[in-house]
Amino acid sequence: MVAWFAGGLTLAWIGWLGARKAGARWWKENRRGRAIPATLGWAVAIGAAGVALVVVRQIDAEGVRDSQAGEVLGAAIVFLAGVVDDGFGGAERGLRGHLRAVLAGRLTTGSVKLAAAVLAAAITIAWTPREHLWANLLALIAIAGCTNVWNGLDVAPGRALKGFLVVALVLLVVDLKAFLLVCTGAACATLAPDLRERGMLGDSGANLLGFLAGAEIVRRLPEIWLLPAALVVIGLNVLAETVTFTRTVDAIPPLRWFDRLGRLPDATS
């Protein structure tokens, strides 16, 4: 199992070395006004995809019904939609901003990204459906909503990656799976560049991590726990759109300490 973690970490690090040379379109201004590549998500994707295909093929070859091939396909969809949003996105921000644009008759890259999250969740669920329709609908809400939650987390260096790693560690204790080990290794490889502000996850990376977290949570939950999970995810999306995660984190000392752990000092300090 250590090999899966190491494989994801190594490939992601190699991917990051190449992704740093991305064109100017994928360089963004950070909180200090410095332009850095928003391509750490590419590195995570490379680390996950490089080993994921082997994992999926082995699972399928063994005849296991809950193959994660659907999850891999869904991850690819949300990642590519995020890449488009990173490179060609407009001024709209947040779930409400994109929904307002759609209601006004304007199609944004952000709305395409939201549609991609729903499609990716639907594919993942259809690959290994639950027994009851209501359970599949709740799973869809949980996965797609989780994808957007991580988009809201990615407003401070390392926050989205730390959130993913905490979720991943808990899930690996519950149920050790090769694919999640690969993704965890890939996330670990990009944590230092994110914290030291040498790169950003971008929407491609944040949405990918959120989708993977949501899909991995849902696949481990009994049907009866899907309703609480969906409600928590809905609540987190509402929090992100109103109070914001930053204000919430800053108001809770343990979360504030963990959030700032390893980060460069704020520009005002």
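The values are calculated or read from the model by the stated rules, or taken from the named source; none is laboratory data. Note that the structure is a prediction, hence the values are computed from the model and not measured. With ideal geometry, Cβ positions are generated from the backbone for all residues, glycine too; neighbour counts draw on all protein chains shown.
Tabulated results
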quantity: Single match in ALA144, ALA186, ALA215 (criterion: under 19 Å from LEU40 (Cβ atoms), under 14 Å from the mean Cα position of the chain (by Cα), of a type in the set (A, V, I, L, M) and surrounded by 24 or more Cβ atoms within 10 Å (Cβ to Cβ)); calculated: ALA186
quantity: Set TRP225, TRP127: member being more than 28 Å from GLY262 (Cβ to Cβ), aromatic (Phe, Trp, Tyr) and modelled with pLDDT of 95 or more; calculated: TRP225
quantity: The stretch 189-212, residues that are under 10 Å from the mean Cα position of the chain (by Cα) and either surrounded by fewer than 24 Cβ atoms within 10 Å (Cβ to Cβ) or not in a helix (DSSP H, G or I) (or both); calculated: LEU201
quantity: Residue that is within 23 Å of ASN237 (Cβ to Cβ) and part of a helix (DSSP H, G or I), where the choices are VAL173, VAL155, VAL112, VAL182; calculated: VAL112
quantity: The stretch 211-264 - residue that is free of Cβ contacts under 8 Å to residues at least 60 places away in the same chain and among the aromatic types (Phe, Trp, Tyr) and, of those, farthest from TRP134 (Cα to Cα); calculated: TRP257
quantity: ILE224 of a type in the set (Val, Ile, Thr) and either farther than 17 Å from ASN136 by Cβ or touching a helix residue (DSSP H, G or I) at 6+ places or on another chain (Cβ under 7 Å) (or both); calculated: no
quantity: Scan of the stretch 233-246 for residues that are in a helix (DSSP H, G or I) and either surrounded by 15 or more Cβ atoms within 10 Å (Cβ to Cβ) or at pLDDT below 95 (or both), ordered by number; calculated: VAL233, LEU236, ASN237, VAL238, LEU239, ALA240, GLU241, PHE245, THR246
